[in-house]
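Comments concern the structure below.
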Amino acid sequence: MIAVVKPGASKQQIDSLLAWFRSRGLKTHVSEGEFQTIIGLVGDTSQVDVDLLEGLEIVESVKRINEPFKRANRKFHPADTAVNIGGVILGGGNFQVIAGPCSVESPEQIVCVAESVQASGARLLRGGAFKPRTSPYDFQGLRAEGIEFLLEARAKTGMPIVTEIMNAAHLPLFEPVDVIQVGARNMQNFELLKELGQLRKPILLKRGFANTLKELLMSAEYIMAEGNENVILCERGIRTFETYTRNTLDLSAVPVLQELSHLPVIIDPSHAIGVSRYVPQMALAAVASGADGILIEVHNDPQNAVCDGAQSLTLEQFAHLSEKMQRIREVIAAR
Ligand code: PEP
Ligand code: MN
């Protein structure tokens, strides 16, 4: 349920209304927009008397929210959320490119990729340290050492780093990490999501390959219900009957999620398509769709990458793509 506050209501009036809601066991969430203040209410709102509420001097209107996601709902927070990642703003009109290899392999590799993608326009560096692999016999990531190498690359370039967590027990290792990624396979690891909700660090939440957009928003809600509102939604392809591509990129996620939610929405064309020669076209389509950013795999030597080489762009291919993305950005901005 949301209560829209009349313009001109004083802070004191709003505070006493908040106290009144809380005394009825409801959790409150205040969204102060440029033109409107909205009080979001979570809990058992069935006993709230809407007529009584609408009769209050400072209340303009009251609406029930039928969707099961509340904090992630745009009705709760009409303005776009812009996530601040160590000074790099993502969302709310700020488009960002997160680039880097699937896996961190060595300090030389991650620093080389970081410097190159930065020179091409990426502001955030990705790299997996803990890798969710289908086979237990495949490379599992450099783990704690991988995070150290990412920090080295950050120290050299100043780029904030994005890396995936698989187990809440590893959280102490992620303390210096700028953005914690929750991979597709863990989108519904609810206990992990609750732990991440305790932090105030940005969380990049990927859509599971067999999950609906509503389920993705409910997973974001798990994080936000604990108090962490810094969530970035990521569409990375879903599993369909198609076999020529690794997954099927559901670009329609962008307008739908942006309408339903205030959270930033980014696209990962690399895991969606899985074939490097198709990635640039879909990255451009993602920019044109109005996504708030892209997450893309780039490697200094894709042929010899330990993981996901087939979908990784070379440094040169990424540089070329960046220029084209910039041109599409200009068209979008002029819309
Ligand atoms: C990744 O980003 O390297 C990754 C494993 O992604 P996903 O969870 O989308 O498969
Ligand atoms: Mn990968």
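Every read-out reported here was derived from the displayed coordinates using simple, explicitly stated rules and does not represent laboratory data. The shown structure was predicted, so the numbers you read here are calculated from the model rather than taken from an experiment. All Cβ positions, glycine included, derive from the backbone under ideal geometry; neighbour counts span all protein chains shown.
Hey, if you put +1 on the Cβ of every Lys and Arg and -1 on every Asp and Glu Cβ in the chain, which of L17, M159, G127 ends up farthest toward the positive end of that dipole? The residue sitting farthest along the positive end of the dipole is L17. Output the 0 to 90 degree angle, nearest 10, between the alpha-carbon long axis of helix 213-225 and the longest principal axis computed from the alpha carbons of the chain. Orientation of helix 213-225: about 70 degrees from the principal axis. Here the chain carries DSSP beta bridges of which approximately 45% are antiparallel, counting only pairs with both residues inside. Dipole orientation for the stretch 83-334: of the candidates G227, P172, I294, I294 has the Cα lying most toward the positive pole (charges on Cβ; Lys, Arg +1; Asp, Glu -1). Sorted largest first, the principal axis extents computed over the alpha-carbon atoms of the chain equal 68, 46, 43 Å.
Say we join alpha carbon atoms closer than 10 Å with springs in a Gaussian network model of the chain; which of N230, N84, N304 then has the biggest fluctuation? So, out of N230, N84, N304, the one fluctuating most is N304. From its DSSP helices (H runs of at least four residues, each -39,500 (n - 2.57)), the chain gives a residue-normalised ellipticity at 222 nm of -9500 deg cm²/dmol. Taking amide H as placed 1.01 Å from N in the peptide plane, the amide H of L204 sits under 5 Å from that of I180, Q181, V182, I232, each at least 5 places away or on another chain.
Across the stretch 267-283, coupling constants 3J(HN,Hα) worked out from phi with the 6.51/-1.76/1.60 Karplus curve, θ = phi - 60°, read 10, 10, x, 5, 6, 5, 9, x, 10, 4, 5, 8, 4, x, 4, 6, 5 Hz, and Gly and Pro carry x.
At a Förster distance of 45 Å, what's the computed FRET efficiency of K324 paired with Q198, Cβ-Cβ distance as r, to 0.05?
Working: r = 40 Å, r/R0 = 0.90.
Calculated transfer efficiency: 0.65.
Amide H contacts for Q96 (H built 1.01 Å from N in the peptide plane; partners 5 or more residues away or on another chain; cut-off under 5 Å): G91, G293, I294.
In the chain, the longest principal axis of the Cα atoms and the axis of helix 315-333 are about 30 degrees apart. In the chain, the longest principal axis of the Cα atoms and the axis of helix 107-119 are about 70 degrees apart.
Largest first, the three principal axis extents of the alpha carbons in the stretch 140-196 are 35, 20, 20 Å in whole numbers.
For the stretch 42-176, list log₁₀ I(q)/I(0) at each q in 0.09, 0.18, 0.21 Å⁻¹, using the Debye formula over Cα point scatterers of equal strength and ignoring solvent, two decimals each. Taken in order of the listed q values, log10 I(q)/I(0) reads -0.46, -1.00, -1.21.
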